[in-house]
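Written out below as structure tokens is the structure these notes cover.
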Amino acid sequence: MSLRSIGLLAFICVLAMIAVGQDPSRPAFEVASVKPVDLAKLGDAISMNIGTVRHEEVTFGNATLNDCVRFAYGMGSDAQIAGPDWIRSKEVLYDVVAKGMPGAPREQLQAMMQTLLAERFKLVTHREQKEMSYFALLPAKNGPKIQPVKDVPDGFRGTTYGGRINAILPMPMLAYLLSRFETERPIIDETGLRGMYEVKLQWTLQQLQNPDSAPGPSLFTALSEQLGLRLEARKGPVEILVVDSAEKVPVEN
């Protein structure tokens, strides 16, 4: 075999190894850091970032793997994610910082997050349908009152806790927060509204189950009067994401 043939064969082998190590069909972040949180260094009050997008950068702080999966796959409620108990345990937390290419839309960043989880956590999932009761988040009769926002302004710091939301976020995230704060029943975004919106919402907690038990607006009333949205009780097939397997310790950066 000539030297030229040997050189050509070696070049082909290198290309083959590159192809095996990379899947160009799967979008990936330009730079990403995934680190387990040292719980010993956390105080009693844990500040959590369950998924923020700012200028093509996705960040999570003191987040569970369940939080990361919910963002990556666009699930509106914890009830729509099934898997081992540890993925939602507050004893197993992660910090994630991932940078996408300039101009990448949220949907592409979510696809990149799916790739990241598969690479770092060896995450394997599948989807299925499950019959359950849920609330659909819909526009009110006279239409939504919220205003679209192109991007989160520099220096903006939202407030999000039980009974009050002052933030810039997409509708699936609003549905998720309402599910997490207010009820075990999933709240699924069916508004048809895309993009980011400025949301200022205040209500009295635990009103879905007992709408006349406490003063102040119920979530139903607050959504209608303040945002021009409504909740409608439904029962039917809901898409569930099942985590078949994942590793607690992510692959090193």
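Candidates in the range 150-178 are the residues that are farther than 30 Å from Val243 by Cα and buried (at least 16 other Cβ atoms within 10 Å of the Cβ); of these, the one that is modelled with the lowest pLDDT is Val152. Considering the range 93-110, and only residues there that are closer than 15 Å to Arg70 by Cβ and in contact with a Ser or Thr (Cβ under 7 Å, 6 or more places away or on another chain), the residue that is surrounded by the fewest Cβ atoms within 10 Å (Cβ to Cβ) turns out to be Leu93. Of the residues making up the range 19-49, those that are under 17 Å from Glu91 (Cβ atoms), modelled with pLDDT under 85 and of a type outside the set (Asp, Glu) are Lys41, Leu42, Gly43, Ala45, Ile46, Ser47, Met48.
Summed over the range 82-127, residues that are of a type in the set (A, V, I, L, M, F, W, C), closer than 24 Å to Met48 by Cα and part of a strand (DSSP E or B) total 4. When the range 29-81 is filtered for residues that are more than 25 Å from Gly103 (Cβ to Cβ), hydrophobic (A, V, I, L, M, F, W, C), touching a residue at least 40 places away in the same chain (Cβ under 8 Å) and part of a strand (DSSP E or B), only Ile81 remains. When you check Met113 against the structure, is it in contact (Cβ under 8 Å) with a residue 40 or more places away in the chain, more than 18 Å from Ser224 (Cα to Cα), among the hydrophobic types (A, V, I, L, M, F, W, C) and in contact with a helix residue (DSSP H, G or I) (Cβ under 8 Å, 6 or more places away or on another chain), yes or no? Yes: the conditions hold for Met113. Exactly one residue out of Glu190, Glu182, Glu198 is under 15 Å from Lys145 (Cβ atoms) and either buried (at least 21 other Cβ atoms within 10 Å of the Cβ) or at pLDDT 70 or above (or both): that is Glu198. Is it fair to say Lys235 is assigned to a strand (DSSP E or B), basic (Lys, Arg), touching a Phe, Trp or Tyr at 6+ places or on another chain (Cβ under 8 Å) and modelled with pLDDT of 90 or more? Yes, satisfied. Within the range 62-75, the set of residues being more than 14 Å from Glu247 (Cβ to Cβ) and out of contact with any Ser or Thr (no Cβ under 7 Å at 6 or more places or on another chain) comprises Ala63, Asn66, Asp67, Arg70, Phe71, Ala72, Tyr73, Gly74, Met75.
The values are calculated or read from the model by the stated rules, or taken from the named source; none is laboratory data. Because the structure is predicted, anything quoted here is derived from the model rather than measured. Heads up, the Cβs are rebuilt from the backbone with ideal geometry, glycines too, and the neighbour counts pull from every protein chain shown.
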